[in-house]
Each structure stands twice: as structure tokens, then as C-alpha cells.
Amino acid sequence: MATTTKPVQRASVARPSANANQASVDAAAPTRREFMYYIWGASIALLLGQAGAGFVWFTFPRFREGEFGGIFPYNPADLPSTGAAPEWVAAGRFHISNTQDGLLALYGVCTHLGCLPKWTPSNVRFECPCHGSKFTAYGNYIEGPAPRGLDRFKTTIVFLDGTTAETDTDGGPIPIPADKSIAEIRVDTGAKITGPSH
């Protein structure tokens, strides 16, 4: 006769762990709804962070030297002689005008509707090809629909002896003494001075 044996069930004995004094914490996994809240919250935080960084970058732009909007170095060797036709500096979008009273950096955009006035040697003045505004070598208004003269850029001249001369608050010409040689000319294309009214 065959005998059957019943399996013996053994009671599990809890063995003390090495860190018996520490309490164990059971954390339940997040529900699907909580997981979606976390994902949406992280996405919105990332989007707002990117928008904030873009706003700060747009509000406080940084321009490299030599590009429009920043400090633009101009070679003194290229300076036109006194009373000569102003020189157009395309990269900086300005005209260097060396008048009898001194040096001016004139913004190369008409104050009427933003056209680009050109120097006309035959008439010895700037003329806007679109609407006919006319300006002197100083950037002063002559005639046309423009509401004021050409805007100017703040300019700094550094002489060889270390002294400097800067554009005044009105944007007038910077006198160049005959006994001083120019070491450097720096035009700040980010500091526009409103042109004189007519």
C-alpha cells in the first residue's frame, strides 16, 4: 500500500537585519493621473524657462565688436580729409563725415521712412532717392518730408598721447586738434543720438 506524505509547511522566520533600528518606508508608485501632472508640470516649467531666457537675451543683446549694434572700430587711415565727401561704412551702416568743425558718424538711414540717403557729389549733400529728403554733410535737414536731420552715433576718438574726445549729448562734431594724431576711432552703433530738428 502506497503512503502519501503531506508537504510540511514551514513558518517563515524573520531574521533580524543588520540595520534593525532603521524604519522602512514603503512608497506607493504614482498613479497615472499623478504621472501626467508631473509630466505636464515639467513641460510647462521648461517652456517658461526657455521663454524667460529668450526674453532676457532679446532685452539685453550682446553685440560683438565690429558688427552693427556694438562698438565699431574705424581705421583712422581711412578718414576722409577735411571737407571731402563723407565715407560710407556699409558694415556699420554709417557715414563718416569729416567737416570743418570736426568728425561726425551719421546713421545711414533717412529719418522719414528709413530709406538710405546717398552722398551726391555734384550737389554736395545727402539725398534720399525715395522721397527727396536732403541733408548737409553735417546731417542737418535741408528740405523734404524728413522730420529732422540724420541721426548720429556716439563716437570716441583716442589720440596717440592717450587723451580722448567724445561726441556731446547733442551729437555735434568732435573737433580734431591739428597738433594731435589719431590712434583710434570707435563708433558705438548701439548708441544712437536723435538728429537735430528743423
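The values are calculated or read from the model by the stated rules, or taken from the named source; none is laboratory data. Since we're looking at a predicted model, the values are computed, not measured. Neighbour counts run over all protein chains shown; Cβ positions are idealised from the backbone, glycine included. For the accessible areas, the whole protein counts, side chains as well, though only heavy atoms, and no ligand, DNA or RNA atoms are used. Shrake-Rupley method; radii C 1.70, N 1.55, O 1.52, S 1.80 Å.
Judged by the gyration tensor of its Cα atoms, with axes a ≥ b ≥ c, segment 95-198 is prolate; a/c meets the 1.5 cut and a/b is the larger of a/b and b/c.
Given 0.36 nm per residue, what is the gain on full extension from Ala84 to Lys192 after removing their alpha carbon distance, in nm? Show your work: numbers first, answer last.
Working: separation 108, 0.36 × 108 = 38.88 nm, distance 2.39 nm.
Full extension from Ala84 to Lys192 adds 36.5 nm.
Length available on full extension from Arg32 to Lys180: 0.36 nm per residue minus the Cα-Cα distance, which gives 45.5 nm. Volume per residue of the convex hull around the Cα atoms, evaluated for segment 75-140, comes out as 81 Å³. Straight-distance candidates among the aspartates and glutamates for linking to Lys118, with alpha-carbon spacing under 13 Å and chain neighbours fewer than 8 residues away dropped: Glu87, Glu127.
Calculate, for segment 51-198, the solvent-accessible area per residue in square angstrom, rolling a 1.4 angstrom probe over the heavy atoms of the protein chains.
Numbers: 7960 Å² over 148 residues.
The answer is 54 Å² per residue.
Looking at the square roots a ≥ b ≥ c of the eigenvalues of the Cα gyration tensor of segment 47-159, which shape do they give, rounded for a/c under 1.5, prolate if a/b is larger than b/c, or oblate? Walk me through the numbers on the way to the answer.
On the way: a/c = 2.99, a/b = 1.54, b/c = 1.95.
Here segment 47-159 falls in the oblate category.
Could you tell me the calculated FRET efficiency between Thr120 and Ala77, based on Cβ-Cβ distance and R0 = 22 angstrom, to the nearest 0.05? With R0 = 22 Å, the Cβ-Cβ based efficiency is 0.30.
Using alpha carbon centroids, what distance separates segment 76-92 and segment 134-193, in Å? What the calculation gives is 12 Å, centre to centre. Taking 0.36 nm per residue of separation and subtracting the Cα-Cα distance, full extension of the segment from Leu47 to Val25 would add 4.5 nm. Working ranking of peptides 78-85, 138-145 by packing, defined as the average number of other Cβ atoms within 10 Å per residue, highest first, is 138-145, 78-85.
Annotation: amide H-H contacts under 5 Å for Leu103 (H modelled 1.01 Å from N, sequence separation of 5 or more, or interchain): Ile174, Ile176.
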